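Report on the structure given below.
The values are calculated or read from the model by the stated rules, or taken from the named source; none is laboratory data. Predicted, not measured: the structure shown is a model, and the values here were computed from it. Don't worry about glycine lacking a Cβ; one is built from the backbone with ideal geometry, like all the others, and counts go over all protein chains shown. Accessible surface areas use protein heavy atoms only, side chains included; no ligands, DNA or RNA. Shrake-Rupley method; radii C 1.70, N 1.55, O 1.52, S 1.80 Å.
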Amino acid sequence: MDRKCVTRILTTLFLIIPAWWGVTAQEVALPSAPNSVKFAAIGDAGTGNPEQYDIANQMTRFHAKFPFDRVIMLGDNIYGGQGESDLFKKFSKPYKALLDIGVKFYASLGNHDDPVNNRYPLWNMGGQMYYTYSTKNVRFFALDSNQVDQKELVWLENALKNTQEEWKICYFHHPLYSDGRTHGSSIDVRVSFEPLFVTYGVNVVFAGHDHIYERLTPQKGIYYFVEGAGGQLRKGDTKRSAMTAKAFDQDQSFMLVEIDGNLLSFQAISRAGTTVDSGTIQRQVR
């Protein structure tokens, strides 16, 4: 085989392999059943930097294959200035494509968020610091982990106690369990929330705050995820321990989640569109 022929073959391979990788890297690893509950999760996103826009663009691309109708926001939704121009640059502009097709965002607030933005219409908080809503067999609880008081705990207990839906999903900013080196587990919040989660059968909990992705091994029968890398990143910040099921701290990321009957499927996706974690959870009956 002459040199020109070899060169042509190698050139073809160099063109094909990146194209093939670009397709396979953006595969949806979820069933995408027709009547399932589909949502995305982002945390610590509101920087207004190119990385946030990259994540938003990936979310839009994946939405074409996995049509989620909502996004849960895990706090620190806006960094720095919190005014109208900031909300535009750091929220409505990056996620415009999703907002335009009717995807709704349901926020919880982090320590960098101005509490007055609980009235921001596009966050669907209704002026409340904590609230609940449901769809099909799933009940969501957006909580305030910045300053947990007795009023919130009484509200949460009543809301959990009276829930008829099979799945109970809680989300907020400060993680009860985390292997993030910078913050780690928020023990004070755990002491407040965890007894109620265990008593009333919460299934899955999402939080942010540590700028990494992490899936924890089940704690007292509950599955925990940290997704605090929607715009911010602390590269190499994971301090792995026995409770680390999977962690990714090399790039920004977001999550896709699907609930169909008694199964919850999840996929964590990097800014480059590659899948960094995926799996399925059977609903716990307690």
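So which of Phe68, Phe105 is part of a loop (DSSP other than H, G, I, E, B), of a type in the set (A, V, I, L, M, F, W, C) and either within 27 Å of Ala33 (Cα to Cα) or over 20 Å from the mean Cα position of the chain (by Cα) (or both)? Lay out the reasoning, then the answer.
On the way: Phe105 fails: part of a loop (DSSP other than H, G, I, E, B).
Every option except Phe68 fails the conditions.
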Test for Leu156: is it closer than 30 Å to Gln284 by Cα, in contact (Cβ under 8 Å) with a residue 24 or more places away in the chain and touching a Cys at 6+ places or on another chain (Cβ under 8 Å):
no
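Of the residues Val103, Val138, Val71, which single one is more than 22 Å from Asn203 (Cα to Cα) and touching a strand residue (DSSP E or B) at 6+ places or on another chain (Cβ under 8 Å)?
On the way: Val138 fails: more than 22 Å from Asn203 (Cα to Cα); Val71 fails: more than 22 Å from Asn203 (Cα to Cα).
Criteria check complete, one pass: Val103.
Tally the residues that are part of a helix (DSSP H, G or I) and among the hydroxyl-bearing types (Ser, Thr, Tyr), restricting the search to region 45-65. Lay out the reasoning, then the answer.
Our first condition is that a residue be part of a helix (DSSP H, G or I); within region 45-65, this holds for 50-63.
Those left that are additionally among the hydroxyl-bearing types (Ser, Thr, Tyr): 53, 60.
Total meeting the criteria: 2.
Can you go through Asp100, Asp144, Asp114 and tell me which one is under 27 Å from Asp210 (Cβ atoms) and more than 19 Å from the chain's Cα centre (by Cα)?
Asp114
Criterion first (exposed (fewer than 15 other Cβ atoms within 10 Å of the Cβ) and of a type in the set (A, V, I, L, M)) does Ala64 satisfy it? Break it down stepwise before answering.
On the way: exposed (fewer than 15 other Cβ atoms within 10 Å of the Cβ): yes; of a type in the set (A, V, I, L, M): yes.
Yes, satisfied.
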Say we look at region 132-154 and pick out the residues that are touching a Gly at 6+ places or on another chain (Cβ under 8 Å) and not hydroxyl-bearing (Ser, Thr, Tyr); which of these is nearest to Trp167 (Cα to Cα)?
Asn137
Could you list, in sequence order, all residues of region 71-102 that are assigned to a helix (DSSP H, G or I) and open to solvent by 10 Å² or more (accessible area, probe 1.4 Å)?
Glu84, Ser85, Asp86, Leu87, Phe88, Lys89, Lys90, Ser92, Lys96, Ala97, Leu99, Asp100
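In this structure, is Val204 of a type in the set (Val, Ile, Thr) and in contact with a Phe, Trp or Tyr (Cβ under 8 Å, 6 or more places away or on another chain)?
Numbers: of a type in the set (Val, Ile, Thr): yes; in contact with a Phe, Trp or Tyr (Cβ under 8 Å, 6 or more places away or on another chain): yes.
It is true that Val204 is of a type in the set (Val, Ile, Thr) and in contact with a Phe, Trp or Tyr (Cβ under 8 Å, 6 or more places away or on another chain).
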